[in-house]
Amino acid sequence: MASSSKANLAEQDEGEEAEEIEHFNDFTLASSWERFISEIEATCRQWLADGPKRLLEKGAVHLDSSDNIYKVKSELKNAAKIYSMEYYFEISGKIADWNCTLHDLQLCFGVKEFLVISPQSASGVVLDAPEATKLLSAVSIALANCSSLWPAFVPVHDPSRKAFIGIQNMGTIFTRRFEADRIGSQVPIKFMHLEGLYELFVSKFAYCMSDHSMHLFRVHLLMKLTYQTLPNDEDNYDDIQEADTENAESETSPGCDNPNRKHWDDDCPWNEWYSAEDPVMGFDLVVTWSEKVVESSLEMAEMENASPHEAEKWILAPNLYPNLDSSKGDRIGFASQLHLLVNALEMSFEAPFIEDFVSVENPGSDNLESTMVIPPPTVLDRVLKDLFLEDPQLPDFAKDEHKSSRAIKGAPVESLFAQFCLHSLWFGNCNIRAIAVLWIEFVREIRWHWEESQPLPKIPANGSIDLATCLINQKLQMLAICIGKKRELNEEFEDCIGTKDNASANMEVITTFCLVLVPLLLPVLFVTDSEQGEKMQEVNKVGDESSSFHARSHAFDEKRDSLLTPEGFNGSKTVESKFSANAQDVHPADKSTLDSMRRGSAGTVGSMKLLKLCQSLHAPFTQSAPLMTEDMHEERLRAIETFGFSFNFSAQLERETLSSDMSAFKAANPGAVFEDFIRWYSPRDWENDESEAKGPSTDLTEGMNVDWPPQGRLSRRMSESGNFWRKIWDEAPILPASEQKPLLDPNQEGEKILHYLETMQPHQLLEQMVCTAFRASADTLNQTNYGSLKEMDTKMDQLYLTMASTLRPLQVNLLSNTSDTIEDLQRLCVVFEHVEKLLILAASLHRRFRQVPRISEAIFSKYYNFYLPNMGIGLADVDTQKEFDMKLQLSQNERQVVSNMFTPPTANQSWRKVLSMGNHLNGHEPILREIIFSMRDNASDNHYASSSPTDYQQDTETYRMYTCGTSNDLRDSLSVVRQSFE
């Protein structure tokens, strides 16, 4: 037993010795922490070797918050934890000003390029203080091995505190330490003022001094204050406008004289249809003082009372509406409603008649009723009353019209149909049912005006039809002309009937003629010559009493045959005065006879003579050619294409006009022949002989005597047998234009127009509505006063050209329910939305800076270049995370205008904020105050200089403190230079 126990003890001792050998630590191998440092060093050496340009080629990421800062990232592993190390660097070599967009750590500590190492966790900060110190030491050792001067930072504490610790090797015996922290609430009152912040900084190096105000320290100071305008609410908007008015008179613009304006765009042209959100939410004014040297806290107290107008720089930064560059359709405007109108156009192919979208018997009416709402009758009545409101003065249809507007086959913005289309955009949210209801009532109202012979509002009755507009607008123009002709006929009919007094007077004249003149005339017929003279004297006495009855008729004939062209008749363009002809050309007896027979003459035509009579050729008054709309012209063209173009067929189409002109020519030229009419009406169909082709002689009178009768003949087509023109000539009666039947029958044409409006197909209506709505919307926006912004002018020009090309299929009736044009129209709505947003922004900026247009032009140009890449025509919205940021330095003469934007708080606003900081601007305290304190020493004067191997003679920023905050928030960042001990 004893021997066995001894054996066990021996085996146990041998096992312990073996275990001790297995756990031997070999310090010649690197530990995990050393490997971590080595990995950091390798990464830093690679970044140093690559340099900024090579790092950009390898995919360095640009920071959206800055224009010139990039970063590269690397993952590091230490035991079970993974860390992220980021290197931030700049491309340009110049030192960035703090008025530029800097990284947060650059602003806090005044560094240019730096490293940030943080754990890959939810918080992204190191919560354990020993771990943070150890991590910072590892980075410092790695950078020292690389001979790099990059500062390194580690985020610590709670993320909301934005706290950092850092270190930087300065290449000498000195090392810079960094520390930043934040107070999120309950800031001590002392630190709300400049005096308290100054004493806080001095306390970092004046440890033994209890009263800092009694000692002088040369502290360098930089200060920047940020002010923010009040929101554009209803309370303070009028105050801002009154402040601008008091300082200077604003530029006049349409509708800007309204003293009771409650919304920012009350004087803008689109305000009649919708109210737009102001894209400019406000402005930030950054006021910067130049560097000063402060030696006591008393100077800080004086600086706190200084006016912002004493600052060196004023920098203005606009705050624009969020998602202004988005196309998600969350903003109401013309573009959003035009998109709904395009959807209605797509649905219009589902029914053949407009009434089908309103009738409950329509198979698809259930779906329509559940998704589309018709406004109440009160809204419908209000819209119709606005459309047909009689305006004593017609609007100027060409006023503020864009030069490319007529390339779009719509209607002028002030016309009746254009106003109907604009109302339709907002009537029932522009669904097909609401449009159908509004159109039916619109046509009923037009029929009432026709039947009652009432003039159509917003339609010029100038006797012409604009073929460059849409067909519905042409029809309404022609209907307005027909209503005018109808009213004239009614007035003439009433004049013919006369009043009861005129009727009784006429009966008295007739009775006198029957009772007095007839008995006297009868004996004359049966008396001798001697007695006849006595009887005629008695007749003349009675005839003088009734001469006034005949004078009126004679005066009317003279007016009708005057040289002035009456309304509705046309004179020859080559007519010369009838007194230019020589009186010797016509025999006295023949001249008096022909003149008594001539009616409806507008004057002689040069020296032309009739072929059969040696009389001057007279140009007659003719009726105006019958007005035709575009579809009537197309109908004639189709007839010509069907039956072939021939001379006689063309004459058949113009039969009524030719017959009217020939009748008027016969009445103005008694004894004229067909050849005379051709010489005047169609000179190219009269072939002169060679003798006449040489021209008239020098003496006009002698030439006419020699050259009469004119030598020549009809052209071949006019001299053919069965010529239709000669047939019309033979059948044409001798009547002046004033006694002819009008070529335009107003009653017949008016009923045709109403039939067209009442029976047109839905898609035909919607096609013309889309064209007109786009044109009217663009013309409305084009009336906006946005100053001299060249980019906006260019964009409006491009918009009109894009609309003209996209809407062309609708103008030529090439659209079908399966056409790709619907998708093109939806893209056009996106383009329209982009331009509309830019224009509203331009108007908002212009009205704020009318006195200093340079500010509005600079801001708009900057935003235009920022927004331009997103202005595609795709239907998908381009989602960009980058926000618009701009800072514009103001000149001295621009400061007062910007200062007026900071109006003193009113009684309603005084409770919003309690003033607790200095440097007020018109009663507004800064929303952010940033100060940089710095203390500079010469290294040669330092008590550590003797141990320094190098004579370091440059000034070193030994202490630097950056403070940023308000009365409720304070952030402090401190950097201190210390000597390193080995």
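The values are calculated or read from the model by the stated rules, or taken from the named source; none is laboratory data. Since the structure is predicted, the reported quantities are computational estimates derived from the model, not experimental observations. All Cβ positions, even for glycine, are placed from backbone atoms using ideal geometry, and neighbour counts span all protein chains on display. Quick note on the areas: whole protein, heavy atoms, side chains included, nothing else; ligands and nucleic acids left out. Shrake-Rupley method; radii C 1.70, N 1.55, O 1.52, S 1.80 Å.
Descriptive notes on the structure:
- Extension reserve of the GLU304-ALA639 stretch, reckoned as 0.36 nm per residue once the Cα distance is removed: 111.6 nm
- Accessible surface of the range 93-172 [probe 1.4 Å, protein heavy atoms]: carbon and sulfur percent: 57 percent
- Given LYS73/LYS162; LYS71/LYS162; LYS385/LYS475; LYS485/LYS727, the pairs whose alpha carbons are separated by over 29 Å: LYS485/LYS727
- The range 377-456-the range 804-871 distance, computed between alpha-carbon centres (Å): 25 Å
- Cα centroid separation - the range 147-202 against the range 707-759, whole Å: 99 Å
- With coordinates expressed along the principal axes, the C-alpha atoms belonging to the range 761-871 extend over 53, 26, 16 Å, beginning with the largest.
- Tail beyond 15 Å, pair distance distribution of the range 397-472 (Cα, percent): 64 percent
- Percent accessible area from carbon and sulfur atoms, the range 401-458, protein chains only, probe 1.4 Å: 45 percent
- Mean Cβ neighbour count within 10 Å, used as a protection proxy, ranking 158-166, 53-61 highest first: 158-166, 53-61
- Computed from label points 7 Å out along Cα-Cβ, the spacing between ALA625 and GLU312 is 7.7 nm.
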